[in-house]
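Report on the following structure.
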Amino acid sequence: MKETKEDILHIDLFNLEDEWNAQPNLYRMWSDKMAVAKSDLNDAKSNLEYVRARLYIQIMNDPASFGLEKTTEKAIDSALVSSDDYQEAQGELNDAKKNVAMLEGMLEALNQRKDALKDEVKLHLSGYFSEPTAPEGCREEVDMMKKRAVRRKGVRDRD
């Protein structure tokens, strides 16, 4: 099983059928991870809003415990943002955003992998990976050269 992202994105040119069979499952697996990450992002946003509201109420009820003499909006915002609970919730939100961004990149890479697979199949069907062929008039000469090379090699191998 492919372990790293680099392994997952690698295309085995000599095994295109298996690569094509694996592509939908790879995309589905990473799409599922994206769905979970988006859910985590929504949870982190909700948690930050909750922490902000809870802290706002605490500050309004007891501004002195937050080091405030006056409860102006600017002072309340400063106290909110500087609290440990708010900073922790903001960090969780940032981590969730980063995870979604990374998964978006992986899904884009899988789309590019699909396009690359299409192009590899086109190259294969057009004979790109076949042996070079000689023009009609030269085929006999090429065959003779191959036979001579085989004979020479056979003589050397016996020595």
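Each reported figure results from applying straightforward, stated rules to the coordinates on display, with no laboratory input. Since the structure is predicted, the reported quantities are computational estimates derived from the model, not experimental observations. Cβ: placed from backbone, ideal geometry, glycine included. Neighbour counts: every protein chain shown.
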Pseudo-spin-label distance Asn94 to Glu136, built 7 Å along Cα→Cβ, given in nm, is 7.3
Along region 77-85, Karplus-curve 3J(HN,Hα) (6.51, -1.76, 1.60; θ = phi - 60°) to the nearest Hz, with x for Gly and Pro, reads 4, 4, 5, 4, 5, 7, 6, 5, 4
Per DSSP loop assignment and a cutoff of at most 11 other beta carbons within 10 Å, the chain keeps its longest run without exposed trypsin sites (Lys or Arg not before Pro) at 71-159
Computed over region 5-132, the relative contact order (Cα-Cα under 8 Å, seq sep at least six) in percent reads 40
The answer for Ser83, listing residues at least 5 apart or on another chain whose modeled amide H is closer than 5 Å to its amide H, is none
Diffusion coefficient in µm²/s returned for region 5-132 by Stokes-Einstein, Kirkwood Rh over C-alpha pairs, 37 °C and 0.692 mPa s, is 177
HN-Hα couplings for region 93-102 via Karplus (6.51, -1.76, 1.60; θ = phi - 60°), in whole Hz with x for Gly/Pro, come out as 5, 4, 4, 5, 5, 4, 4, 4, 4, 5
Scalar couplings 3J(HN,Hα) for region 12-17 by Karplus 6.51 cos²θ - 1.76 cosθ + 1.60 (θ = phi - 60°), nearest whole Hz, x for Gly and Pro, are 7, 5, 8, 9, 5, 4
